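Visitor: Provided herewith is a single structure, encoded as structure tokens, for subsequent inquiry.
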Ligand SMILES: [Zn+2]
């Protein structure tokens, strides 16, 4: 379930939305090379527009998610970060954070176990 490379969920979705904007513009720009064929050019422009619309939907979704995220101060770098779901990474230092003590050490690798032992003792 968990991705191997850890990063903050909100940040991850935000970079995905940003990538969609770039892809949309690249597709529309590619359409210029098909000026001679208006139908192909139109298809490129529509695809590019769809990509842009989809990225706006994703940005809207991030807005909704942010309202449900919990803001905590990271124990590692002491900066405020948003936690989405039961486990998430710090936005600044990628320290794994969890809101559920039962989940500690379960969904992360050995590294996380060692780190969490130092900071959180029950
Ligand atoms: Zn941090």
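Visitor: Under 7 Å between Cβ atoms, which residue pairs at least 6 apart in sequence (or on different chains) link something in the range 67-84 that is closer than 14 Å to residue 98 by Cβ and in contact (Cβ under 8 Å) with a residue 60 or more places away in the chain with a partner that is away from the ligand (no atom under 11 Å from the Cβ) and in a loop (DSSP other than H, G, I, E, B)?
Guide: Pairs that qualify, where the first residue is closer than 14 Å to residue 98 by Cβ and in contact (Cβ under 8 Å) with a residue 60 or more places away in the chain and the partner is away from the ligand (no atom under 11 Å from the Cβ) and in a loop (DSSP other than H, G, I, E, B), are 82/69; 84/69.
Visitor: Follow-up question, since we're still on this one. Out of curiosity, is residue 38 away from the ligand (no atom under 15 Å from the Cβ) and out of contact with any helix residue (DSSP H, G or I) (no Cβ under 9 Å at 6 or more places or on another chain)?
Guide: On the way: away from the ligand (no atom under 15 Å from the Cβ): yes; out of contact with any helix residue (DSSP H, G or I) (no Cβ under 9 Å at 6 or more places or on another chain): yes.
So residue 38 fits the description; yes.
Visitor: Would you mind stating whether residue 52 is part of a helix (DSSP H, G or I), more than 10 Å from the ligand (Cβ to nearest atom) and either in contact with a strand residue (DSSP E or B) (Cβ under 8 Å, 6 or more places away or on another chain) or closer than 30 Å to residue 29 by Cα (or both)?
Guide: It is true that residue 52 is part of a helix (DSSP H, G or I), more than 10 Å from the ligand (Cβ to nearest atom) and either in contact with a strand residue (DSSP E or B) (Cβ under 8 Å, 6 or more places away or on another chain) or closer than 30 Å to residue 29 by Cα (or both).
Visitor: When the range 89-102 is examined, which residues are found to be surrounded by 14 or more Cβ atoms within 10 Å (Cβ to Cβ) and at pLDDT below 90?
Guide: 94, 95, 96, 97, 98
Visitor: In addition: What residue, among those in the range 7-37 that are within 16 Å of the chain's Cα centre (by Cα) and assigned to a loop (DSSP other than H, G, I, E, B), is surrounded by the most Cβ atoms within 10 Å (Cβ to Cβ)?
Guide: Out of the qualifying residues, it is 8.
Visitor: Something else about it: Inspect all residues belonging to the range 44-55 and state whether any of them is surrounded by 14 or more Cβ atoms within 10 Å (Cβ to Cβ), farther than 12 Å from residue 10 by Cα and within 14 Å of the chain's Cα centre (by Cα). Even if it seems obvious, please write down each step before you answer.
Guide: Going through the range 44-55, the residues surrounded by 14 or more Cβ atoms within 10 Å (Cβ to Cβ) turn out to be 44-45, 47-48, 51-52, 54-55.
Cutting the leftovers down to farther than 12 Å from residue 10 by Cα gives us 44-45, 47-48, 51-52, 54-55.
So of that shortlist, the ones also within 14 Å of the chain's Cα centre (by Cα) come out as 55.
Yes, the range 44-55 contains at least one residue that is surrounded by 14 or more Cβ atoms within 10 Å (Cβ to Cβ), farther than 12 Å from residue 10 by Cα and within 14 Å of the chain's Cα centre (by Cα).
Visitor: On to the next question. Would you check if there is a residue in the range 57-77 being farther than 22 Å from residue 14 by Cβ and either at pLDDT 85 or above or within 14 Å of the ligand (Cβ to nearest atom) (or both)?
Guide: Yes - at least one qualifying residue is present in the range 57-77.
The values are calculated or read from the model by the stated rules, or taken from the named source; none is laboratory data. In this text, all values refer to a predicted model and were calculated from it rather than measured experimentally. Cβ coordinates were reconstructed from backbone atoms using ideal geometry, including for glycine residues, and neighbour counts include every protein chain displayed.
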